[in-house]
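Every read-out reported here was derived from the displayed coordinates using simple, explicitly stated rules and does not represent laboratory data. It should be emphasised that the depicted structure is a prediction, and the values quoted were computed from it without experimental measurement.
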Amino acid sequence: MTNRLNETANRLNETAMSTKQPGSAYFLEDRKEVPVTHTFSVVVDNEPGVLARIAGLFTGRGYNIESLTVSETEHEKHLSRFTIVTTGTPQVLGQIKSQLERLVNVHRVVDLTVTGRPLERELVLVKVSGRGEKRIEALRLAEIFRANVIDASTEHFVFELTGRTSKIEQFISIMTELGLVEVSRTGIAAISRGPKGM
């Protein structure tokens, strides 16, 4: 009886495999896309509610914003520039770009990662407390990373550092062992390489 059931199950599996269509939407589980991180630059009208609409687009569809910076860049035209870093499959990233372009008050959306390796920088303020050897070591490492001391007392330092995210992460990791108290980061500012603008 068990052998007959196994034979029947095997026949059904073979039938299912033979009827499987390569272009069928029902078999998309075979396709595995690896999530990648992209940086988007978005030029918008500098008006109330624009940030809420962009954030709502991401939250409403379950997309995560890893970094978000925004500031007015063209005062006369009242235009602001968002720099958004997010992660997803190529299909999801394409949807994000398309949906951003449809928002009211959005003038341009550029995927800087697609156009070429963008120049990306981040500013961080790092507060470290400590005395003795740890204090001396924190100062020595800050000099190696080219971090500036912008506040100090006999018990603490506040370092200012600008660089790529990987450099910022490494500096924070090292300072964690030397008495890290607090971190404040600006998020990524990015611009494309070459002479052309957006």
The set of residues whose placed amide H lies less than 5 Å from the amide H of residue 46, leaving out same-chain residues fewer than 5 positions away, is 79, 80
Would you kindly derive the ³J(HN,Hα) couplings of the stretch 100-116 from the backbone phi angles with the Karplus curve 6.51 cos²θ - 1.76 cosθ + 1.60 (θ = phi - 60°), listing them in order in whole Hz, with x for Gly and Pro? 5, 5, 7, 5, 5, 6, 8, 8, 9, 10, 10, 8, 5, 5, 6, 6, x
Long-range amide H contacts for residue 67: which residues qualify at under 5 Å (H placed 1.01 Å from N, peptide plane, sequence gap of 5 or more or a different chain)? 85
What are the ³J(HN,Hα) couplings of the stretch 158-168, residue after residue, when phi is run through the Karplus curve with 6.51, -1.76, 1.60 and θ = phi - 60°? Round to Hz, x for glycine and proline. 10, 9, 10, 9, 10, x, 5, 4, 4, 5, 4
Residue by residue through the stretch 185-198, which ³J(HN,Hα) values in whole Hz follow from phi under the Karplus form 6.51 cos²θ - 1.76 cosθ + 1.60 (θ = phi - 60°), with glycine and proline marked x? 10, 7, x, 7, 10, 9, 8, 6, 7, x, x, 8, x, 5
What are the residues whose amide H is under 5 Å from the amide H of residue 108, where those residues sit 5 or more places off or on another chain and H is modelled from the backbone? 43
